[in-house]
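Worksheet for the structure shown next.
The values are calculated or read from the model by the stated rules, or taken from the named source; none is laboratory data. None of these values were measured; they are calculated from a predicted model. So basically every Cβ, Gly included, is an ideal-geometry build from the backbone, and we count neighbours across all protein chains shown.
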Amino acid sequence: MAALAWVVRPLRSLLVTEQLPPDWQVQADAGLRIVDNAKLLIGGAPLRVMRVSGAGANTVKGWFAGEPVGESTKAGALARRLLDAGMVHPEFRHWGQTPLSDLRVTVVIPVKDEAAGLERLLAALPDVPVVVVDDGSATPVVAANAAVIRREQAGGPGRARMAGLASVETDLVAFIDADVEPGPNFLPDLIRHFGDPAVVAVAPRVRSRFGSSVIERYETDFSPLDLGAKPANVGPRRSSSYVPTAAFIIRRAALDNVGGFDPGFRFGEDVDLVWRLVAAGGTVRYDPTVEVTHDPRRTWVAWLRQRMAYGSAAPKLAQRHGAAVAPARCSPWSAFAWLLVALRHPFLGGAVAAASTTTLAGKLSHIPNPNREAGRLAGWGHLHAGRGMAQAVARVWWPIALPLAIVMPRTRLAVAAALLGGPMLDWHQSARRLDPVRAVALRVIDQMAYGVGVWKSSIDSRSFSALRPDFVSGLGSNENHEATTVTRS
């Protein structure tokens, strides 16, 4: 961590404190609640309760009606706070396209034995500088209209990207994997975000390429690279904690000043980089209105190895980033309430949840209808916590939960619900390209394979911090809702 602190300080000095461009527009986050004629805003990740002045409320309502941020310093400061809180997001629907001549970006493509994918990707890129890094392909890569760097020994995508970075001279660099196919406006649409001086990196939605096989249909619905349809301000304990760097645009200066991709990570290098950028004070955005497609694994063996590899990164990430890697995050109130429910004491669990609601109502006494708002916040918080803990059982804690269910029959229903409930809900919320039996079965295997990777790497490294939950104080701390603060603007 000392080394990390050393590379963080220079980046902070690079971050410009200017407000948003005055012609920018913002839209409300899908989960934002607007109360008391916009004088009270509840939402974001972590959850916040933000009170604004009457003038600020009028400004916010104007933004949601389509007005630009404007020239006012106070309005710009309010927009910045709402963006940083994840309560609003940039709105570009009415913007024109950025001219290709203004892109100021170099594309770096790491590739290993993906000749067909590389050819497809190069054909889809506009006329911008391209650096291809051949990471030990069996047949050396040849690419027209691109500089090619050959690494005789494969070192993984992180090392390959850093090798390509040495040839980049532009302010922005786009990392795109060879098995990714971007849309025609991928670069112009994402580069718009860099009009905000606080943004250091941005990523699109990565969707699995649609196909007819079972694995292709499963991945189209449940790819771990697909972070969904909601835009996000990315970082630990937020609605999107990271973005994959399979398609990713970043400021060159920001990347240099946090030391780039850590070569010590064979997997999880994207999570580590994003979290270091955020720790340095930068803003990383996820924009699902821009999409790319990604090739799924071709065989079930490769698919399982991928999931285990993802899990294997968790212990090392935990050593560097601590509780940000916790498999479950919730308040002690929620943990105790759900433990009672799991032990078949639902009324006691409900009593604990009710007590927590009363406590929260006291903290919110200065806002309109504190009891109603406390009930809403605590209720949703406990539900989020329950789902998060169930997912932790299905993904990471199942090697403990299954033996426990054998020796403690009282827990069997709760363990079965944790293992199957999440996958069933995931299937229900998906496009349902597979029947429920196969989809749920594969989802269970998917999550267990990730857990195998976590446990194996934890045992090998003799570090078990990636297995520990994070009990955060305060209601609203459940899953992505971890703090309740009140501010004025």
>> Given the options GLU181, GLU169, name the one that is in the same structural domain as GLY260 (by TED's automatic domain parsing), in contact with a Lys or Arg (Cβ under 7 Å, 6 or more places away or on another chain), in contact (Cβ under 8 Å) with a residue 60 or more places away in the chain and among the acidic types (Asp, Glu).
In response: GLU181
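Does ARG120 meet the test of being of a type in the set (Lys, Arg) and closer than 27 Å to TYR310 by Cα?
In short, yes.
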> Among (1) touching a helix residue (DSSP H, G or I) at 6+ places or on another chain (Cβ under 6 Å); (2) surrounded by fewer than 22 Cβ atoms within 10 Å (Cβ to Cβ); (3) modelled with pLDDT of 90 or more, which single condition is PRO21 missing?
Replying inline: (3)
>> Could you check segment 47-67 and list, in sequence order, the residues that are in a loop (DSSP other than H, G, I, E, B) and buried (at least 21 other Cβ atoms within 10 Å of the Cβ)?
In response: LEU47, VAL52
> Give me the pairs: first residue in segment 240-265 and assigned by TED's automatic domain parsing to the domain that holds SER167 and under 19 Å from PHE194 (Cα atoms), second residue of a type in the set (D, E, K, R) and surrounded by fewer than 20 Cβ atoms within 10 Å (Cβ to Cβ), beta-carbon distance under 6 Å, and six or more apart or on different chains, which are they?
Replying inline: ARG252/ASP171
>> What are the pairs with Cβ atoms under 7 angstrom where one residue, in segment 150-165, is not assigned by TED's automatic domain parsing to the domain that holds ASP113 and the other, located anywhere, is modelled with pLDDT of 90 or more and part of a helix (DSSP H, G or I)? Sequence gap at least six, or different chains.
In response: none
>> Given (1) at positive phi; (2) at pLDDT 95 or above, identify the lone condition not met by ARG237.
In response: (2)
> Here are some conditions: (1) farther than 30 Å from VAL325 by Cβ; (2) part of a strand (DSSP E or B). PHE175 meets all but one. Which one does it not meet?
Replying inline: (1)
> Are there any pairs, at least 6 apart or on different chains, whose C-beta atoms fall under 9 Å, with the first in segment 332-348 and touching a residue at least 40 places away in the same chain (Cβ under 8 Å) and at positive phi and the second surrounded by 15 or more Cβ atoms within 10 Å (Cβ to Cβ) and among the β-branched types (Val, Ile, Thr), and if so, which?
Replying inline: ARG344/THR411
> Filter segment 105-119 for residues that are touching a strand residue (DSSP E or B) at 6+ places or on another chain (Cβ under 6 Å) and not β-branched (Val, Ile, Thr); which is surrounded by the most Cβ atoms within 10 Å (Cβ to Cβ)?
Replying inline: PRO110
> Does segment 375-390 hold any residues that are buried (at least 21 other Cβ atoms within 10 Å of the Cβ) and touching a residue at least 60 places away in the same chain (Cβ under 8 Å), and which are they?
Replying inline: LEU377, ALA378, GLY381, HIS382, ALA385, GLY388, MET389
> What number of residues within segment 185-235 satisfy the criterion of being part of a loop (DSSP other than H, G, I, E, B) and within 19 Å of VAL131 (Cα to Cα)?
Replying inline: 0
> Looking only at segment 400-446, which residues are over 29 Å from THR299 (Cα atoms) and assigned to a loop (DSSP other than H, G, I, E, B)?
Replying inline: MET408
> VAL271 fails exactly one of the following numbered conditions: (1) in a helix (DSSP H, G or I); (2) assigned by TED's automatic domain parsing to the domain that holds VAL407; (3) in contact (Cβ under 8 Å) with a residue 40 or more places away in the chain; (4) not polar (S, T, N, Q). What is the number of that condition?
Replying inline: (2)
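Restricted to segment 129-168, and to residues that are of a type in the set (Val, Ile, Thr) and under 28 Å from the mean Cα position of the chain (by Cα), which residue is surrounded by the most Cβ atoms within 10 Å (Cβ to Cβ)? Walk me through how you get there before you give the answer.
The first filter runs over segment 129-168 and keeps only residues of a type in the set (Val, Ile, Thr), leaving 130-133, 139, 141-142, 148-149, 168.
Now narrow it down to the ones that are under 28 Å from the mean Cα position of the chain (by Cα): 130-133, 168.
Details: VAL130: 21, VAL131: 22, VAL132: 24, VAL133: 27, VAL168: 18.
Within segment 129-168, the match that is surrounded by the most Cβ atoms within 10 Å (Cβ to Cβ) is VAL133.
Being assigned by TED's automatic domain parsing to the domain that holds SER241 and either more than 30 Å from ARG438 (Cα to Cα) or at pLDDT below 90 (or both), is that true of even one residue in segment 210-222?
no
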> Within segment 68-140, which strands (runs of 3 or more DSSP E) (wholly inside it) include 3 or more residues that are farther than 28 Å from SER239 by Cα, in the same structural domain as SER241 (by TED's automatic domain parsing) and hydrophobic (A, V, I, L, M, F, W, C)?
Replying inline: 105-111, 130-135
> Do you know which of the residues in segment 327-356 that are of a type in the set (S, T, N, Q) and under 28 Å from the mean Cα position of the chain (by Cα) is surrounded by the most Cβ atoms within 10 Å (Cβ to Cβ)?
Replying inline: SER334
> Has segment 325-348 got any residue that is of a type in the set (A, V, I, L, M, F, W, C), assigned to a helix (DSSP H, G or I) and under 30 Å from GLU219 (Cβ atoms)?
Replying inline: yes
>> Could you go through segment 135-156 and let me know if any residue there is within 23 Å of ARG251 (Cβ to Cβ) and in contact with a Pro (Cβ under 7 Å, 6 or more places away or on another chain).
In response: no
> Looking at (1) closer than 15 Å to VAL131 by Cα; (2) assigned to a loop (DSSP other than H, G, I, E, B), can you tell me which one THR245 breaks?
Replying inline: (1)
> When you go through ASP446, ASP426, ASP435 one by one, which is the residue that is among the acidic types (Asp, Glu) and either outside the structural domain of GLY349 (by TED's automatic domain parsing) or loosely packed, with under 14 Cβ neighbours inside 10 Å (or both)?
Replying inline: ASP435
